[in-house]
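Have a look at the structure below, then the notes.
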Amino acid sequence: MKNEDLFKYQPEVMKLLITSFEKNKLVHAYLLDGNDSNCACDIVFYMAKKLLCKKDNAPCMNCQDCKSIDTNNNMNFLYIKPIDDVIRKEQIDTLIYDFSMTSIDNGPLIYLIRDAEKMNASAQNALLKFLEEPASNHYAFLTTTNYKKLLNTITSRCQLLHLRPIPQDILIEKLIECGIDMDIAYVVSFLTSDLNVAMKYIEEGKITNFLNIALKIVDKDLKNKDPYIEYYRNRMFFLEEKDKTIHRFFLDILVLIYQELLNRLMHTKAKYFSELLDNYANVEFSKNEIIRKLELLNLYQERFNYYVNLDLQYTSLFSKL
């Protein structure tokens, strides 16, 4: 994320950190909690440059100190992240050893632990001992998407900073800039506010497939044809998906499409799913009927919170839609 975006989307966190820096009151450990790991790490990279850049306008972004942080080649900045989705004790031991071997005469020592909630128990206990005895001019930054998974004794030794989710319209805009179709960007923006996570969902293809099926189901429904036909054609695709979150999200997609149709009927702003809905621009629909469909979908979303027979639930839904 660009530096100006950090100040735009995380103004409270950036103001606190910069003010603390300027007053020489930075604490020894910060815990940045939020859904967007990349944004949290960008904040830490910015602060590392702020601390290590020797220019008057620090961070200048162009000196060797600033550039070496970006490439993870700065001896005073250590970056730890999960390996195979786990941070192990050996990684923390290496951090502690490296800090003990580096002279603080060369400037502050900073370390970043990304996705700190992925530290195993041994790693958390090793880090705890390190946090309990902070050295002067040492700064710890931990990022997490769920700080409650960390030991209470770790969180109590850090200043907790909560990050704002990136505004939905901004995420959609960034996805479109990456070449993602507008409708897919819109749909995925309801799953995450993290650009990289959103791209991962899209690259997996699952969300795109569900969106295409949803569009075909709504098209059948608006043509007064049986939407179950489209479900039956893709029945195995649905039944092989075991994650209930994805099934609830599929219903969310249907809700978004019908909601966009309702927006058009109410003459309010609507700009998504135009390829489908423009075909029905001159067709009259009952607002009450669209509202009924939305209420039905909301009811079945609730049902997917419990153990259900997927095939029976979908069959029941599409028979009533």
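The values are calculated or read from the model by the stated rules, or taken from the named source; none is laboratory data. Only a predicted model underlies this, so the values are computations on that prediction, with no experimental measurement involved. Because the Cβ atoms are built from the backbone with ideal geometry, glycine has one as well, and the counts that use them run over all protein chains shown.
Go through the residues of the range 29-46 one by one and say whether even a single one is in a loop (DSSP other than H, G, I, E, B), of a type in the set (Asp, Glu) and surrounded by fewer than 21 Cβ atoms within 10 Å (Cβ to Cβ).
Of all residues in the range 29-46, those in a loop (DSSP other than H, G, I, E, B) come to 34-36.
Of the ones still in play, those that are also of a type in the set (Asp, Glu) are 36.
Restricting the remaining residues to those that are surrounded by fewer than 21 Cβ atoms within 10 Å (Cβ to Cβ) gives none.
No: the range 29-46 contains no residue that is in a loop (DSSP other than H, G, I, E, B), of a type in the set (Asp, Glu) and surrounded by fewer than 21 Cβ atoms within 10 Å (Cβ to Cβ).
For a quick check of your reading of the model, give me the residue pairs whose first member lies in the range 203-214 and is under 10 Å from PHE249 (Cβ atoms), whose second is hydroxyl-bearing (Ser, Thr, Tyr), with beta-carbon atoms closer than 6 Å and at least 6 apart or on different chains.
ILE207/TYR201
Taking the range 286-315, which residues are surrounded by 15 or more Cβ atoms within 10 Å (Cβ to Cβ) and either part of a loop (DSSP other than H, G, I, E, B) or in contact with a Cys (Cβ under 6 Å, 6 or more places away or on another chain) (or both)?
Across the range 286-315, the qualifying residues are PHE304, VAL308.
Quick one: count up the residues across the range 167-189 that are surrounded by 14 or more Cβ atoms within 10 Å (Cβ to Cβ) and either in contact with a Phe, Trp or Tyr (Cβ under 8 Å, 6 or more places away or on another chain) or assigned by TED's automatic domain parsing to the domain that holds GLU275 (or both).
Matching residues across the range 167-189 total 6.
When the residues of the range 52-82 are filtered to those that are of a type in the set (A, V, I, L, M) and touching a strand residue (DSSP E or B) at 6+ places or on another chain (Cβ under 6 Å), which remaining residue is surrounded by the most Cβ atoms within 10 Å (Cβ to Cβ)?
ILE69
Would you say ARG157 is touching a Ser or Thr at 6+ places or on another chain (Cβ under 6 Å) and touching a residue at least 24 places away in the same chain (Cβ under 8 Å)? Steps first, answer last, please.
Values: touching a Ser or Thr at 6+ places or on another chain (Cβ under 6 Å): no; touching a residue at least 24 places away in the same chain (Cβ under 8 Å): yes.
For ARG157, the condition - touching a Ser or Thr at 6+ places or on another chain (Cβ under 6 Å) and touching a residue at least 24 places away in the same chain (Cβ under 8 Å) - is not met.
Look at SER103 and say whether it is at pLDDT 95 or above and either farther than 20 Å from ASN120 by Cα or surrounded by 14 or more Cβ atoms within 10 Å (Cβ to Cβ) (or both).
No; evaluated as a whole, the condition is false for this residue.
Please enumerate the residues belonging to the range 137-162 that are assigned to a loop (DSSP other than H, G, I, E, B), modelled with pLDDT of 95 or more and in contact with a strand residue (DSSP E or B) (Cβ under 7 Å, 6 or more places away or on another chain).
Listed by number, the residues that qualify are LEU150, ARG157, CYS158.
VAL283 - would you say it is modelled with pLDDT under 95, of a type outside the set (S, T, N, Q), exposed (fewer than 11 other Cβ atoms within 10 Å of the Cβ) and not in a helix (DSSP H, G or I)?
yes
Part of a helix (DSSP H, G or I), touching a helix residue (DSSP H, G or I) at 6+ places or on another chain (Cβ under 6 Å) and either farther than 29 Å from LYS148 by Cα or of a type in the set (Asp, Glu) (or both) - does that describe any residue in the range 56-66?
There is at least one residue in the range 56-66 that is part of a helix (DSSP H, G or I), touching a helix residue (DSSP H, G or I) at 6+ places or on another chain (Cβ under 6 Å) and either farther than 29 Å from LYS148 by Cα or of a type in the set (Asp, Glu) (or both).
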